[in-house]
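Data block below; observations after.
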Amino acid sequence: PKGVKSLGDSLIFGNEAIRNFYLAQDHRKIELTWNTDFADASKSGDLAYTYGKYSIKMINAKGDEVVSTGIFHTVWQKQANGDWKFVWD
């Protein structure tokens, strides 16, 4: 669903709740990188998905570097104007 962020075994619902979650973390200098390993689209050409590896590096309030890595999976939907927008991540 739109505005849902998975965090381990928890879901955070809504854009404002996601924003507030990250603001509360007090991380600075966040660097997100990702590489798509695979992508595919539906026959109709209106839905697609990608997956691959990500890495996020952050500096916490103590000045320590925190690194998290994992696998991402994103579902995309083609919009009326032809642009692609993620609908699940």
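Can you say whether Lys78 is surrounded by 13 or more Cβ atoms within 10 Å (Cβ to Cβ), at pLDDT 95 or above and either among the charged types (D, E, K, R) or on the phi > 0 side of the Ramachandran plot (or both), as far as the supplied structure shows? Yes: the conditions hold for Lys78.
When region 71-89 is filtered for residues that are in contact (Cβ under 8 Å) with a residue 40 or more places away in the chain and within 19 Å of Leu32 (Cβ to Cβ), the ones remaining, listed by number, are Trp88, Asp89. Is one or more of the residues making up region 17-38 surrounded by 11 or more Cβ atoms within 10 Å (Cβ to Cβ), out of contact with any Cys (no Cβ under 6 Å at 6 or more places or on another chain) and either among the basic types (Lys, Arg) or touching a residue at least 40 places away in the same chain (Cβ under 8 Å) (or both)? Among the residues of region 17-38, at least one is surrounded by 11 or more Cβ atoms within 10 Å (Cβ to Cβ), out of contact with any Cys (no Cβ under 6 Å at 6 or more places or on another chain) and either among the basic types (Lys, Arg) or touching a residue at least 40 places away in the same chain (Cβ under 8 Å) (or both), which makes the answer yes. The residue pairs whose first member lies in region 42-70 and is within 18 Å of Val87 (Cβ to Cβ), whose second member is surrounded by fewer than 14 Cβ atoms within 10 Å (Cβ to Cβ) and of a type in the set (D, E, K, R), and whose beta carbons are closer than 6 Å, counting only pairs six or more residues apart or on different chains, are Gly52/Asp37. When each of Gly52, Gly45, Gly70 is tested for being part of a loop (DSSP other than H, G, I, E, B) and either modelled with pLDDT of 85 or more or open to solvent by 60 Å² or more (accessible area, probe 1.4 Å) (or both), the lone residue that passes is Gly45. Residue count for region 56-89, restricted to those that are in contact with a Ser or Thr (Cβ under 8 Å, 6 or more places away or on another chain) and of a type in the set (S, T, N, Q): 3. Ile12 meets all of the listed conditions (1) modelled with pLDDT of 80 or more; (2) of a type in the set (Val, Ile, Thr); (3) touching a helix residue (DSSP H, G or I) at 6+ places or on another chain (Cβ under 6 Å) but one, namely (1). For Trp84, which of the numbered conditions (1) within 20 Å of Leu11 (Cα to Cα); (2) surrounded by 13 or more Cβ atoms within 10 Å (Cβ to Cβ); (3) not aliphatic (A, V, I, L, M) fails to hold? Unmet condition: (1).
The values are calculated or read from the model by the stated rules, or taken from the named source; none is laboratory data. Worth saying up front: this structure is predicted, and the values here are computed from it rather than measured. Cβ: placed from backbone, ideal geometry, glycine included. Neighbour counts: every protein chain shown. SASA here: full protein model, heavy atoms, side chains in, ligands and nucleic acids out. Shrake-Rupley method; radii C 1.70, N 1.55, O 1.52, S 1.80 Å.
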